[in-house]
Every structure is written in C-alpha cells, then in structure tokens.
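Participant: Okay, here's the structure, questions in a sec.
The values are calculated or read from the model by the stated rules, or taken from the named source; none is laboratory data. Keep in mind the model is a prediction, meaning the values are calculated, not measured. Cβ atoms come from the backbone with ideal geometry, glycine included; neighbour counts cover every protein chain shown. The protein model used for the area step is the full one, side chains on, heavy atoms only, and it has no ligands, DNA or RNA in it. Shrake-Rupley method; radii C 1.70, N 1.55, O 1.52, S 1.80 Å.
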Amino acid sequence: MSGANSLTPFLAGSSLIHALDARVKVPLTLAFILTVSFLPFGVWPVYVLLLALTVSAALLSEIGLARFLRRSLLALPFALAALPLLFTIPGEALARFSLFGLTLTLSGPGLVRFASIAVKSWLSVQAAVLMAATTDLPEMLLALRALKLPRLLAAVIGLMWRYLFVLVDEAGRLLRAREARSGSREGAPRGGGLAWRARVAGGMAGSLLLRSLERSDRVYTAMLARGYDGEVRSLPHPPLSARAWGILAAGLLLLALILFLSRWMVA
Amino acid sequence: MHHSPVLIENLVFRYPDGHAALQGVTLSVAAGEKIALVGPNGAGKSTLLLQLNGILTPQSGRIEICGLEVNPKNLARVRALVGLVFQLPDDQLFSPTVYDDVAFGPIYQGLTREEIDRRVEAALDAVHMRDYLKRTSYHLSVGEKKRIAIATVLSMQPEVLVLDEPTAGLDPRARRSLIELLRELPQTAIIATHDLAMVRELLPRTVVMDGGRVIADGPTAQILADEALLEAHGLEALKC
C-alpha cells in the first residue's frame, strides 16, 4: 500500500477542480503548456498573470498551496539545463567571473533569457502538477482517448499503471527478504564483498524481470479467457456537458488572449 | 441449459518441453453439478482447467462445452460460456478500476452500453460488492479481490464456472464468506482445490487427479472416507 501512495500524484478531493471533467482539464493543461512555450522572453507581466492563474487554480483545488509549490520544484532540473545561456548570449556585460582559469561573462540579455526559461518551465510544471494532483489516472486515460490517443497506447498505459504497484510491492518483498537475512556476527563486518553484493542485486533484478514476464503471461491468459482477441475495445464516452464545453472554450479563449497580449507587448 | 455442459473425452496434452500433463482424461459434468478437482501439485488440474477455455489445446481427445466442440472456430463462443477464475486475483484484475474489469467480458461480447452496465451491476450484486464499482483493484484486500475476480466472469453470464484454488490465501472469515458465495451461485462449477474441508461442505462430487490421469471419481463422502486413496495421492484425510 505504501508504495502506491508515494507513486500516484493523485490527491483525492471534492473541489471544483477535481469535479471538472478530465476531458476539459487535460486539453486545457496541454494548451496552457503550449501557450507558455510560445511566450516571448522577458514579458514579466504576462508571466505574473499566468502565475496568478495557476496559483488561484491550485487554491481552488484545495490540495494545499505548500504541497503544490513543493511539487512544482520538479522544474528545477530543467532550469539547470538553461544555465549556460547566462554566459553564452552576447550583450552588455553585467559581471565577470574566473572559474578554473576560464573567464565567464554574465550578460544582460543572457540573464533575461535564463530567467524567462526558468519561469516558463516552472509555470508549465505547475500546470502539469495541478492536473496530475486532481485527476485520477483512469479519467486521464479517458480524456487522452477522447483526444484521439490510439486505443492500444491507452490500454498499455492503463496496464502499466495497474501493474506498477504490483511490481513495486514485489520488489519491496524481495528487498525485505534480503534484509531479513542480512544479519551480522558480533565483531565481524556486515555484508560480503562488493562483487558478491552486486551479484545478489543483479539476481534480484533478474528474478523481478522473470516474475514480471511470467505474470504478464498469466494476465494475457486471463484476458484471453474473457474473450480478448488482440483488438482493444472500450466503451464510448458519455457526452460532454454544455457547461464543460463552455469552460473549455473560455479557457482556450483566455489563453489565446494572453498569447496575443504578450506578442503585442513585445511589438 | 445443456444437459451436459462439460464433456471431456480421452484428453491428452503435452507441454512443448515434452512434459505430459494430461494422459487420457475423461470426465462428464451434468448441468448444475458442482465438482471438486483434487490432487497433488503437478497432477494436471490447472492444465485441465485451461483446456476448458481453449487456452491450451489438446494433442488428442476432445472437449465439448454445452455441445460445442472446443476448437479455434468456436473459441469465442466457448470463452463466453466458461467463466475461468484464476488463482491469483492480481492476474485476473488487470484494469485500472473494478468497473473496467467487470465490464471487460461484456465489452468483448459487443453488448450495448445499457446492457453492459446492467451486467456489471448484477455481477457485483451477486458477489455483494455493489459499492466497489469505482474502486481501484489494487487497494482491495485479497478476499475482496477474489470476489471481484468472480464478478468479472459472472458478468459474461457463463454456463460453467471454473475456479482454481478459490480459498487459497484467505483468512478464515474471508474463506467462510467465499464458501457461502459459491453456495449461492447456481452455475455448473468445477473447482480445483486443496481445501478438502470446503470440498466436503460444498461439493457433492469429487474427482481425484494424479500424474495427468483421473484416479477416482465419485461422491465426495465416499472419496474423502478412503484414507488409503487420499494418502496415495498427496492428500490428507480430514480428522473429524
């Protein structure tokens, strides 16, 4: 159980955001991320506007602002990738450093570019974090199917999600079994040689793989027994309500306006 | 309902590695009959169960389900007639939610949305799990998973239920409630098990298998009283 709870980003709730149809949330999130990536560099007011959007949505979702911000720190490594831009974009020099005999020049335009990329990736991750926290995977799959994701792909993602937990449990049991037999005598060092321990770990990974293979065989058999014939079938979706359509249209319009605004600001 | 829903004649099956799992099994089950399949590990019980659904096909001999011979042409029909419940519910429940799993069989039968919903509800009602519709299978207890696994085949409205070790790994209370559930189900049933106490209580006829053959086939009371027979085939007579 513990494995699953730390694995799923979903936090059950009954807020407005949770109740919103996944077929509205998923396309809006994708559109939001797309809008953010199309924004020009250095349009700070627009960034703040978008930040206000994500934060108010997070507040509405009742998942806790602190948790929301903590999870969005996931964007940090992406910002790191943009770090060299600080020194490689030509422009007026703000500062000079000397590092390992290398002279680095911090340029004004470089700083703007780097900060913009950092903020933009942070905003995108915020949107994704919010969607993942308020949409359970089965619903998300439904939404992806409604967006014409191939059924086979949706079925594979569904199976992966289902068995991820089983696999984590299985790995946990293997680790526990090893732990249970890893005692030590008094005065003697604990654990064998490095090579031996590596071999044990390799054997565990191998047996996990074999068990998964065997399980996949049994799952396939269970599917066959209930009529599976190689073609993935699923139920048609219930129609989207007029209100949901309205929210989707309003959201897309708002994002288009923001994009337009940012272009106008640059011009 | 067919008068003899399961008819097995002289079935021989060899795994690709040469291991002869079934060496001439003959068995006939009457409509509504509930039989136990007992015998040591490796006796061929599970192999026989997989034959009933056409998942394994015999090298010789024949199987008829409700008058239909199990062959590639009839496979889809046969699979709708035989509800096979596997030993490990984690293998059987492969969908994200309970609803998706119970609806799987009906969806493959090409039923309408209304009929699928009706079947899912009826199947969950039959196993007393109506409230679990939207739950995730992963978070259920083993006993709950077993019940849902049975619902996933009940939704296909099969003529024959085939269960592999239904009481394995259950605590006494979950085992008790599963036995009561099996008692309520009207279908013809073939149950492979090591749980002789359940056999005595629930299943009037017992078939003993060993080494890929049927060793004995008769009334449960008579077979469970034959201590020598039980001992010779890896089973243990019940004490009281």
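Participant: Apply the a/c threshold of 1.5 to the C-alpha gyration tensor of region A:61-194 and tell me whether it is rounded, prolate or oblate.
Facilitator: Numbers: a/c = 2.77, a/b = 1.27, b/c = 2.19.
Taking the square roots of the gyration eigenvalues as a ≥ b ≥ c, region A:61-194 is oblate.
Participant: So, in nm, how far is label B:LEU238 from label A:MET204 when the simple model puts each one 7 Å beyond its Cα toward the Cβ?
Facilitator: It works out to 4.3 nm between the two label points.
Participant: Give a residue-ordered list of calculated ³J(HN,Hα) values for region B:143-159 (Karplus: 6.51 cos²θ - 1.76 cosθ + 1.60, θ = phi - 60°; whole Hz; x for Gly, Pro).
Facilitator: Values, residue by residue: x, 5, 4, 4, 5, 5, 4, 5, 4, 5, 9, 4, 5, 8, 6, x, 7 Hz.
Participant: Moving on. Dividing the Cα radius of gyration by the Kirkwood radius, what Rg/Rh value follows for region B:94-240? Write down the numbers at each step before the final one.
Facilitator: Numbers: Rg = 17.4 Å, Rh = 16.8 Å.
Using only Cα positions, Rg/Rh for region B:94-240 is 1.04.
Participant: Would you mind counting up the charge near B:GLY218? Only other residues with Cβ under 12 Å from its Cβ, with Lys and Arg at +1 and Asp and Glu at -1. Show your work: numbers first, answer last.
Facilitator: Values: positive: B:ARG205; negative: B:ASP217, B:ASP226.
Counting the neighbours of B:GLY218, the net charge comes to -1.
Participant: Give me the distance between the Cα centres of region B:157-235 and region A:197-241, rounded to whole Å.
Facilitator: 29 Å
Participant: Please list, in chain and number order, the residues 5+ apart from B:VAL6 or on another chain whose amide H is under 5 Å from its amide H, with Hs placed from the backbone.
Facilitator: When sequence neighbours closer than 5 places are left aside, the close amide H contacts are B:VAL29, B:CYS66.
Participant: Among DSSP beta bridges whose residues both lie in the protein assembly as shown, state the antiparallel percentage, nearest 5.
Facilitator: On the way: 27 of 44 bridges.
Here the antiparallel bridges make up roughly 60 percent for the protein assembly as shown.
Participant: Taking K and R as +1 and D and E as -1, what net charge do the other residues with C-beta under 14 Å from the C-beta of A:LEU159 add up to?
Facilitator: Taking every other residue near A:LEU159 into account, the sum is -1.
Participant: Moving to a separate point now. Within a 10 angstrom radius of each residue's Cβ in A:227-235, how many Cβ atoms of other chains show up on average? Whole number is fine.
Facilitator: 5
Participant: Out of residues 5 or more away from B:THR26 or on other chains, whose amide H comes under 5 Å of its own, with H placed 1.01 Å from N in the peptide plane?
Facilitator: B:ASN10, B:LEU11, B:VAL214
Participant: As a test of reading the structure, rank B:HIS128, B:HIS194 by solvent-accessible area (1.4 Å probe, protein chains only), most first.
Facilitator: Working: B:HIS128 110, B:HIS194 80 Å².
I get B:HIS128, B:HIS194, largest accessible area first.
Participant: At a probe size of 1.4 Å, how large is the accessible area of A:ILE117, to the nearest 10 Å²?
Facilitator: Approximately 50 Å² of A:ILE117 is accessible to the 1.4 Å probe.
Participant: A further question on this structure: I'd like the Karplus ³J(HN,Hα) series for region A:15-28: coefficients 6.51, -1.76, 1.60, θ = phi - 60°, whole numbers in Hz, and an x wherever there's a Gly or Pro.
Facilitator: Those phi angles translate into 6, 4, 5, 4, 6, 5, 4, 4, 6, 9, 5, 5, x, 5 Hz.
Participant: Averaged per residue, what accessible surface does region B:84-157 expose to a 1.4 Å probe, in Å²?
Facilitator: Details: 2700 Å² over 74 residues.
Result: 36 Å² per residue.
Participant: Counting only DSSP beta bridges with both residues in chain B, tell me the antiparallel percent, nearest 5. If you can, show how the numbers build up before the last one.
Facilitator: Values: 21 of 38 bridges.
Bridges in chain B that DSSP calls antiparallel: roughly 55 percent.
Participant: Given bins 20 angstrom wide, list per bin the percent of all Cα-Cα distances in the protein assembly as shown, short to long.
Facilitator: 18, 40, 28, 12, 2
Participant: Now, a different point. Could you please state, rounded to a whole Å, how far the C-alpha centre of region A:53-115 is from the C-alpha centre of region B:106-145?
Facilitator: Spelled out, the Cα-based centre of one part sits 49 Å from the other.
Participant: If you take the square roots of the eigenvalues of the alpha-carbon gyration tensor of region B:117-182 and sort them as a ≥ b ≥ c, do you get rounded (a/c under 1.5), prolate (a/b over b/c) or oblate?
Facilitator: Values: a/c = 1.87, a/b = 1.21, b/c = 1.54.
Oblate, because a/c is 1.5 or more while a/b does not exceed b/c.
Participant: Once ligands and nucleic acids are excluded and a 1.4 Å probe is used, how much of A:SER98 is accessible, expressed in Å² to the nearest 10?
Facilitator: 90 Å²
Participant: Turning to a different aspect of this structure: What longest range of chain B stays clear of loop-exposed trypsin sites (Lys or Arg not before Pro) (DSSP non-H/G/I/E/B, at most 11 other C-beta within 10 angstrom)? Before the final figure, lay out each step's value.
Facilitator: Values: sites that count: B:LYS73, B:LYS134, B:LYS239.
By the stated rule (loop sites, at most 11 other Cβ atoms within 10 Å), B:135-238.
Participant: Based solely on C-alpha atoms, express the radius of gyration and the Dmax of region A:142-255 in angstrom.
Facilitator: That works out to 23.5, 74 Å for Rg and Dmax.
Participant: OK, next. Please give the net charge around A:LEU210, taking every other residue with its beta carbon less than 12 angstrom from that of A:LEU210, where Lys and Arg add +1 and Asp and Glu add -1. Numbers along the way, then the final one.
Facilitator: Values: positive: A:ARG211, A:ARG215; negative: A:GLU170, A:GLU214, A:ASP217.
Result for the local shell: -1.
Participant: Here is a further query. Please arrange A:TRP44, A:TRP264, A:TRP161 by accessible surface area, largest first, computed with a 1.4 Å probe and ligands excluded.
Facilitator: Values: A:TRP44 100, A:TRP264 170, A:TRP161 35 Å².
These residues rank, largest area first, as A:TRP264, A:TRP44, A:TRP161.
Participant: Sticking with this one: Using a 1.4 angstrom probe with every protein chain in place, what is the largest-first accessible-area order of A:VAL200, B:VAL207? Before the final figure, lay out each step's value.
Facilitator: Working: A:VAL200 45, B:VAL207 0 Å².
So, going from the largest accessible area down, we get A:VAL200, B:VAL207.
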